[in-house]
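This is the structure I have questions about; it appears just below.
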Amino acid sequence: MPRCLFGLPLFLLAGLDGQAAEPARGFAVVELFTSEGCSSCPPADKVFADLARRGREGEPIYCVGFHVDYWDNLGWKDEFADNAFTQRQLGYMHKLKVDDVYTPQTIVNGTRQFVGSRKAEVDTAVDEALQSPAVLRLTLIPELASDSKSLTLKYATRADTKPLFLNLAITQSAAENDVKAGENKNRKLQHVAVVRKFQVVAEPKGVAQGTWKVAIPEDLDPTEATCIGYLQSRSTFRIVAATAVPLKKPAP
């Protein structure tokens with residue numbers, strides 16, 4: 001009988017028991033740093049939405065929309081913004097040797113960055129990423145509480161992952177806001193893949209397996225949310241594995 005992890009045979013976890021497995025297909029993690037307070041961001045939101053559509057249609061494209069908070073002082077506070085997302089972008093600024101943080105910024109697989117509205121450049125980077133096989137595989141198993149107020153997310157990958165950290169996100173599929181002040185005053189902005197919860201796992205002994213327990217925002221419909229996980233090099237920020245699973249309300 002095959003050994004099991006989280007109740008699944010290990011061969012279903014893509015060779016996590018150390019046996020040979022076929023190379024994982026290529027993928028693209030697309031991180032967009034955006035803000036409702038930035039007048040340059042809506043065009044990038046549209047490029048991002050097109051990539052999210054490709055992901056919904058079956059391509060391994062994982063969109064992660066981070067709303068930063070440094071535009072909130074221009075008269076409009078972005079309700080999805082979080083300073084932790086700004087700090088994440090600052091980390092990329094130093095690692096990728098960018099002169100400053102800016103929006104809209106799109107980063108593909110942790111190593112290539114572009115102005116998010118430059119569709120041709122972003123699409124080219126995504127298409128090239130899809131042609132490069134993943135280095136590792138990652139499995140996520142979500143367990144939503146019966147009252148939909150909390151989530152237990154189990155994750156598993158290969159055991160020798162000490163130089164990596166694991167990013168876990170819950171994203172909202174779609175959102176829109178009528179902006180009443182700031183640079184986008186009187187515009188209705190539409191968003192996709194909005195990060196509502198985010199956690200970085202960086203254990204000294206590696207992140208081979210574990211559990212993330214998190215409260216679900218009260219205004220988030222579980223049927224309109226996705227759990228995304230991606231493994232990232234601590235030294236280069238290159239993303240080496242990614243996956244996503246829908247966050248659904250348990251059947252009665």
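Answer with yes or no whether LYS213 is in contact with a helix residue (DSSP H, G or I) (Cβ under 8 Å, 6 or more places away or on another chain) and touching a residue at least 40 places away in the same chain (Cβ under 8 Å).
In short, no.
For the range 67-83, does any single residue satisfy the condition of being surrounded by 23 or more Cβ atoms within 10 Å (Cβ to Cβ) and assigned to a strand (DSSP E or B)?
Yes: the range 67-83 contains one or more residues that are surrounded by 23 or more Cβ atoms within 10 Å (Cβ to Cβ) and assigned to a strand (DSSP E or B).
Is it the case, given these coordinates, that GLY91 is open to solvent by 20 Å² or more (accessible area, probe 1.4 Å), modelled with pLDDT of 95 or more and closer than 22 Å to GLN199 by Cα?
So GLY91 passes the test.
Separate question: Does the range 36-60 hold any residues that are open to solvent by less than 30 Å² (accessible area, probe 1.4 Å), out of contact with any strand residue (DSSP E or B) (no Cβ under 6 Å at 6 or more places or on another chain) and either at pLDDT below 95 or outside any helix (DSSP H, G or I) (or both), and which are they?
Result: GLY37, CYS38, PRO60.
The values are calculated or read from the model by the stated rules, or taken from the named source; none is laboratory data. Here the structure is a predicted model, which is why all the values come from computation and not from measurement. Positions of Cβ are generated from backbone atoms using ideal geometry, with glycine treated the same way; all protein chains shown enter the neighbour counts. Ligands, DNA and RNA are stripped out before the accessible areas are found, and what is left, the full protein with its side chains, is counted by its heavy atoms. Shrake-Rupley method; radii C 1.70, N 1.55, O 1.52, S 1.80 Å.
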